[in-house]
1. Restricting to region 41-50, what's the tally of residues that are at pLDDT 90 or above and touching a helix residue (DSSP H, G or I) at 6+ places or on another chain (Cβ under 9 Å)?
2. Of everything in region 141-182, what is over 23 Å from residue 106 (Cβ atoms) and either modelled with pLDDT of 70 or more or under 18 Å from the mean Cα position of the chain (by Cα) (or both)? Give them in sequence order.
3. Please verify whether residue 244 is touching a residue at least 12 places away in the same chain (Cβ under 8 Å), more than 18 Å from residue 61 (Cβ to Cβ) and either part of a loop (DSSP other than H, G, I, E, B) or out of contact with any helix residue (DSSP H, G or I) (no Cβ under 9 Å at 6 or more places or on another chain) (or both), treating the condition exactly as stated.
4. If the requirement is being farther than 25 Å from residue 193 by Cβ, surrounded by fewer than 17 Cβ atoms within 10 Å (Cβ to Cβ) and touching a residue at least 40 places away in the same chain (Cβ under 8 Å), which of these qualifies: 270, 233, 252, 256?
5. In this structure, does residue 11 turn out to be assigned to a loop (DSSP other than H, G, I, E, B), in contact with a helix residue (DSSP H, G or I) (Cβ under 7 Å, 6 or more places away or on another chain) and either modelled with pLDDT under 90 or within 26 Å of residue 260 (Cα to Cα) (or both)?
6. Scan region 36-51 residue by residue and report those that are surrounded by fewer than 20 Cβ atoms within 10 Å (Cβ to Cβ) and more than 20 Å from residue 203 (Cα to Cα).
7. Of the numbered conditions (1) closer than 16 Å to residue 191 by Cβ; (2) at pLDDT 85 or above, residue 253 satisfies every one except a single condition; which is it?
8. Considering only region 214-223, I want to know if a residue exists there that is exposed (fewer than 14 other Cβ atoms within 10 Å of the Cβ), modelled with pLDDT under 90 and more than 15 Å from residue 122 (Cα to Cα).
């Protein structure tokens, strides 16, 4: 499975490797415990690998085209800062070094990671979850999020180093950083904890839980929270990705990322895409009929 589903069996969706440690499950029973990491697995859970789309795209899991565009954009920003704030050479050197170090780490992960930096999606009757950085560890996760926030805020940060409105920007820019941190990392915590409790109590829910690595570990969601899910071929497919899976769910306005909990571009055959779409429809219908899968919409 280089970029999505196994292509050797076009009418089935087999689980060929452990979702947590990538240990090959060939020759093992259809349901059991991974000999490498000890996590349970089964063939009822579909696991996809691909490139993140929409709000789920980051430098590590996005397509190569987006990676190049972002690298060029940051280069243009740094060049602009150099010409506008030439007198603050130390600041320019610091930001340039940090940007280069971050992009180097991203490219290294894409080239040497188990799945080339791909995002992971797990789905079964209990619900679904997208892990945008499945190769993160307990320590690398926070460092990655801080680096991504730095890159995100870099375009506006040069206003801190001088200019006629310097005093105003020294207030606005830190406030914007606090706002982004709160919206991305703090507000989703209660909803994520509640979603984990709901899914964990459902049949098959444990198989959706990524290995715990901290409060930032992605939380699965039940199908009852979904109002639309679609599997469609890409308008411009490539050797790496051919189809797109998008799930839309109900979420309050202050959690925009929860409105699209899954957005993945992956590779599969048309028959596999058709079977996946059929399974999703069946899971949604099961969720509507089974009261245990009901959640109170916020």
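1. Total satisfying the criteria: 3.
2. Within region 141-182, 171, 172, 174, 175, 176, 178, 179, 182 meet the criteria.
3. Criteria not met by residue 244.
4. 233
5. Values: assigned to a loop (DSSP other than H, G, I, E, B): yes; in contact with a helix residue (DSSP H, G or I) (Cβ under 7 Å, 6 or more places away or on another chain): yes; either modelled with pLDDT under 90 or within 26 Å of residue 260 (Cα to Cα) (or both): yes.
Yes.
6. 36, 37, listed by residue number.
7. Only one criterion in (1) closer than 16 Å to residue 191 by Cβ; (2) at pLDDT 85 or above is unmet by residue 253, namely (2).
8. yes
The values are calculated or read from the model by the stated rules, or taken from the named source; none is laboratory data. All figures in this text were calculated on a predicted structure; none of them were measured in a lab. Glycine gets a Cβ as well: all are built from the backbone with ideal geometry, and neighbour counts include every protein chain shown.
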